[in-house]
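Please read the structure below before turning to the comments.
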Amino acid sequence: MTTYYTREHEWIAVEGDVATVGITDYAQSQLGDIVFVEVPSAGTQVAKGKEAAVVESVKAASDIYAPVSGEIVEGNAALEGDPALANTAPEGEGWFFKLTLSDTSELEGLMDETAYKAFVDGL
Amino acid sequence: MSDEDVPEIIEALPLDSWHRTLGGRMVPFAGYHMPIQYDGIMAEHLWTRENAGLFDVSHMGQLTLSGADADAALETILPGDIKGLGEGKMRYSLLLAQDGGILDDLMVTRLPAANPFEEEAGDFYVVVNGATKWDDIGYLHEQLPEGLNLNHRGDQALLALQGPKAVDALARLAPGVAELSFMEAGAFTIAGVSAWVSRSGYTGEDGFEISIPQDSAEAVAEALLAMPEVKPIGLGARDSLRLEAGLPLYGHDLNETIDPATAALGFAVPKRRRAEGGFPGAERTIGYFKDGPPTKRVGLTVEGRQPVREGATIYDGDQAIGTITSGGHAPSLQAPIAMGYVNTDRSALGTALEIEVRGKRIAATVTAMPFVPQRYFRKGAK
């Protein structure tokens, strides 16, 4: 499994042609207390860089973008009952959705963990 | 160079570096860098409801008004009972445009002889919103008669200490503040600093607002923060607290197109003023109070967990009947709540409505405000 990161602070863990997507620990710390997450349902087509989910903190709503194009196979139902999972386990149980990649070459421009860490340190 | 190219000047308030040292996340607000949060909005909100939260509200405008018949002059632009205001007593009021539209909401206090502003007994201390203060000052200069003296107290900082334990914390530093009742104010000394303290605030809790010279602000803030009940609280929690308390926020729930009746602020326009009129837009506003305005500010409880935000449209079936002006998650209730304007015939408590969020309809019910009971301290009240 390989994990990639975007400049919009999503992570994408790829295993074969299925990927799991969530927000990074940095993103959750910037958003603050998360009170609602709207995840896409299975069968939804998402496009790289386009809105795929919405996360609402106490203060505001923020769009979450699809890091790659593909078809959603599962939205994380656990977030519905416990949106705070996105704060407490953003890179684990608080994942947002899984999708099947339609074009693996889209992964090429994404950062690895070291590059993402350097990117965040520079913010 | 177009207007958009002109960088907005964001100023630093006297406690700027103090907030940063405490880990406050600073954001631009009303022309100043202000702390939006320290530990997190949820924790800060709940701390204030249970203990005491210290807010820096130095962006707000502090004014004094002196001169003969200042009360009568104020009544020509405010719809409140200013003439009947005793020394050391304060009221919430509204600065009205000539058509009755609300230019700002504010707090007016009649000063006693003992006050740190070196004003005479009977003069006034007025606190206005930060984003509107320069317009307010201009309008007041334009509307008030000659002979009155309006001073912007730009050298004063303003702190708010809010929550059920605010009185315990402040009384240790300023003996006697516990004797103040809600909406009373007086001169006190805190950590050796001459302070003007009012028992008021905008969170729905018991608490105080404390005006002190800017160069002493840090010393007073430090003395308050040294109390075990007190934590610093950011603007984020201030907003969620006032929303739970059902209090409108200028620039969101109130603006120059809204009159006092539409804003459902009947308590700010007492019987005498409704009978006598003599304030801007009186005829229209008094008529609205009598017969009901076409639209009205209401509170809404929202089903599910998804917050609804300012700008969302309110529906009754297929018909758009209003707009949300404040909305979010209520930390004390662990549920979404909102405030907005709807057609008056759909404003009765219990009316079932819908709010559209990102193309989806969410069920909501018109609900009495405050959403969380207010806990103001009134002498003799249990």
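Those strands (runs of 3 or more DSSP E) of segment A:1-57 in which 2 or more residues are more than 23 Å from B:Gly236 (Cα to Cα) and of a type in the set (Gly, Ala, Ser) occupy A:18-23, A:51-57. Can you name the residue in segment A:73-94 that is among the small types (Gly, Ala, Ser) and within 12 Å of chain B (Cβ to nearest Cβ) and is also nearest to A:Ser57 (Cα to Cα) among such residues? Restricting to residues being among the small types (Gly, Ala, Ser) and within 12 Å of chain B (Cβ to nearest Cβ), the top hit is A:Ala84. Filtered by the rule that a residue be open to solvent by less than 10 Å² (accessible area, probe 1.4 Å) and of a type in the set (Phe, Trp, Tyr), segment B:30-63 gives a lone residue, B:Phe55. Count of segment B:172-210 residues, restricted to those that are out of contact with any Lys or Arg (no Cβ under 6 Å at 6 or more places or on another chain), surrounded by fewer than 21 Cβ atoms within 10 Å (Cβ to Cβ) and closer than 13 Å to B:Phe377 by Cα, is 3.
For segment B:246-266, a residue qualifies if it is of a type in the set (A, V, I, L, M, F, W, C), surrounded by 20 or more Cβ atoms within 10 Å (Cβ to Cβ) and touching a Ser or Thr at 6+ places or on another chain (Cβ under 7 Å), and exactly one does: B:Ala261. Among the helices (runs of 4 or more DSSP H) confined to segment B:181-292, the ones with at least 3 residues that are under 22 Å from the mean Cα position of the chain (by Cα) and more than 26 Å from B:Gly322 (Cα to Cα) are located at B:217-225. Of all positions in segment A:67-76, none carries a residue that is open to solvent by 60 Å² or more (accessible area, probe 1.4 Å), of a type outside the set (Val, Ile, Thr) and in a loop (DSSP other than H, G, I, E, B).
Within segment B:293-305, if we keep just the residues that are part of a loop (DSSP other than H, G, I, E, B) and within 13 Å of B:Glu354 (Cα to Cα), the residue that is nearest to the other protein chains (Cβ to nearest Cβ) turns out to be B:Gly304.
When segment B:144-179 is filtered for residues that are assigned to a loop (DSSP other than H, G, I, E, B), touching a residue at least 12 places away in the same chain (Cβ under 8 Å) and over 22 Å from the mean Cα position of the chain (by Cα), the ones remaining, listed by number, are B:Leu144, B:Pro145, B:Gly147, B:Leu148, B:Ala174, B:Gly176.
Within segment A:78-91, the set of residues being of a type in the set (Gly, Ala, Ser), in contact (Cβ under 8 Å) with a residue 12 or more places away in the chain and open to solvent by 20 Å² or more (accessible area, probe 1.4 Å) comprises A:Ala78, A:Ala84. Put simply, of B:Val308, B:Val269 the only residue that is in contact (Cβ under 8 Å) with a residue 40 or more places away in the chain, open to solvent by less than 10 Å² (accessible area, probe 1.4 Å) and more than 24 Å from B:Tyr92 (Cβ to Cβ) is B:Val308.
Consider A:Pro67 carefully, then state whether it is under 26 Å from B:Ala335 (Cα atoms) and more than 10 Å from every other protein chain (Cβ to nearest Cβ). So A:Pro67 does not fit the description; no. A:Ile64 fulfils the conditions (1) part of a loop (DSSP other than H, G, I, E, B); (2) within 24 Å of B:Arg309 (Cα to Cα) except for a single criterion, (1). The criterion of at least 3 residues that are surrounded by fewer than 21 Cβ atoms within 10 Å (Cβ to Cβ) and more than 14 Å from chain A (Cβ to nearest Cβ) is met by the following strands (runs of 3 or more DSSP E) wholly inside segment B:311-382: B:313-316, B:319-330, B:360-367.
The residues of segment A:23-61 that are more than 13 Å from chain B (Cβ to nearest Cβ) and open to solvent by less than 10 Å² (accessible area, probe 1.4 Å), listed by number, are A:Ile23, A:Thr24. Scanning segment B:69-120 for residues that are open to solvent by 40 Å² or more (accessible area, probe 1.4 Å), under 29 Å from B:Gly192 (Cβ atoms) and of a type in the set (Asp, Glu) gives B:Glu87, B:Glu118, B:Glu120. Has segment A:108-117 got at least one residue that is within 22 Å of B:Gly328 (Cα to Cα), touching a Ser or Thr at 6+ places or on another chain (Cβ under 7 Å) and not hydroxyl-bearing (Ser, Thr, Tyr)? Among the residues of segment A:108-117, not one is within 22 Å of B:Gly328 (Cα to Cα), touching a Ser or Thr at 6+ places or on another chain (Cβ under 7 Å) and not hydroxyl-bearing (Ser, Thr, Tyr), which makes the answer no. Please pick out the residue among A:Glu38, A:Glu93 that is touching a helix residue (DSSP H, G or I) at 6+ places or on another chain (Cβ under 6 Å), at pLDDT 95 or above and acidic (Asp, Glu). Only one candidate passes the filter, namely A:Glu93. The one condition from (1) open to solvent by 40 Å² or more (accessible area, probe 1.4 Å); (2) more than 22 Å from the chain's Cα centre (by Cα); (3) among the hydroxyl-bearing types (Ser, Thr, Tyr) that B:Ser66 does not meet is (1).
The values are calculated or read from the model by the stated rules, or taken from the named source; none is laboratory data. Keep in mind that this is a model prediction, so the values were computed, not measured. Glycine gets a Cβ as well: all are built from the backbone with ideal geometry, and neighbour counts include every protein chain shown. The protein model used for the area step is the full one, side chains on, heavy atoms only, and it has no ligands, DNA or RNA in it. Shrake-Rupley method; radii C 1.70, N 1.55, O 1.52, S 1.80 Å.
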